[in-house]
Each structure stands twice: as structure tokens, then as C-alpha cells.
Amino acid sequence: MCCRHCLASSLICSILASLASGTSDEHASDLQFTDANPTAYRIDGVLSWTPPSQIEFVTHYKVFIAFDQQNHLGAELWDRNLQSTVVPVGTNQIDIWPGTGRATFGNSLPANWFVVLAHRSDLGDLQPPDDAAT
């Protein structure tokens, strides 16, 4: 129930990429993002995903921009419409706050990946990044 997407080295132009096609029992899939911000090191746009087929324990999602696939120094992203970092189940997308910096928490490393983590009621917390689809 986690998606990762490597950000292109240049986010000035639009990118559209996806992970594996179709749905999965354990992981979200088909992560897609098109950057609408022409400014270097700024992102803007909708990041979407296909939810896992088994979502009975998922209460919501949290989305991060991080240095690597393990969400090191991950900075939580805000949804411009929800005005929150919590993405409800069934929404399956986040409209990234306009002009968000392409940076990790503390701005110490470049942000190269999106990481979408499910909050699971059976775990009582966000799922571990190691359980993510690659």
C-alpha cells in the first residue's frame, strides 16, 4: 500500500510516469504526476495512484517527497484543496500545494522520490516504507 516514483532530474518540463500497471492486493500502483510548475526546484500538480485492492484496514494516506525509496528525510506534502496532509481513503490523489519546494525535510538532500504511505488501523500507524511497492 505504498507507491514510490522517482522524480526526473529536471522538473521544469511536465513528466508523466507510472509504476506497475493494474492494482495489487498489498500496494498502491500506477503512481502518476505531471509537474505544472515551470520554476526549478518547485513542484505543483496532482499526484495520483490506484489504491490496493485490499483497503479494509487503510484509514488514510500520507504523501512525502524524499531523498530515497526508504523515505529518508521525507517531507510531508500538503493538499491544496483539503488544506491537510491527510488524504482520505477513496481520494487516491493529492493536489500538491502550489510552489512546494523540491526538497527533503531540513533541505539537506535533494528530493528524488514521492512516497505514498497508508495509515493502517491494524498497525495503528503508517506502514513501514520497506513494505512499499517498487
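So which residues in region 80-93 are within 13 Å of residue 51 (Cα to Cα) and among the aliphatic types (A, V, I, L, M), if there are any at all?
Passing the criteria: 87, 89.
Against the condition open to solvent by 70 Å² or more (accessible area, probe 1.4 Å) and either within 13 Å of the chain's Cα centre (by Cα) or more than 18 Å from residue 32 (Cα to Cα) (or both), how does residue 64 come out, does it pass?
Details: open to solvent by 70 Å² or more (accessible area, probe 1.4 Å): no; either within 13 Å of the chain's Cα centre (by Cα) or more than 18 Å from residue 32 (Cα to Cα) (or both): yes.
When the stated conditions are applied, residue 64 does not pass them.
Can you tell me which residue in region 1-56 is least open to solvent (accessible area, probe 1.4 Å), limited to those that are over 19 Å from residue 113 (Cβ atoms) and modelled with pLDDT under 55?
Here the residue is 22.
Out of the residues in region 85-134 meeting the condition of being closer than 17 Å to residue 43 by Cα and of a type in the set (S, T, N, Q), tell me which one is modelled with the lowest pLDDT.
So, considering only residues that are closer than 17 Å to residue 43 by Cα and of a type in the set (S, T, N, Q), the one modelled with the lowest pLDDT is 107.
Starting from region 69-93, keep only residues that are in contact (Cβ under 8 Å) with a residue 40 or more places away in the chain, then list their pairs with residues that are polar (S, T, N, Q) and open to solvent by 50 Å² or more (accessible area, probe 1.4 Å) whose Cβ atoms are within a distance under 7 Å, requiring at least 6 positions of separation or different chains.
Close Cβ pairs (under 7 Å, with a partner that is polar (S, T, N, Q) and open to solvent by 50 Å² or more (accessible area, probe 1.4 Å)) amount to 69/134.
The values are calculated or read from the model by the stated rules, or taken from the named source; none is laboratory data. Keep in mind that what you see is a predicted model, and the values were worked out from it rather than measured. Don't worry about glycine lacking a Cβ; one is built from the backbone with ideal geometry, like all the others, and counts go over all protein chains shown. Side chains are part of the model used for accessible areas, which takes the heavy atoms of the whole protein and leaves out ligands, DNA and RNA. Shrake-Rupley method; radii C 1.70, N 1.55, O 1.52, S 1.80 Å.
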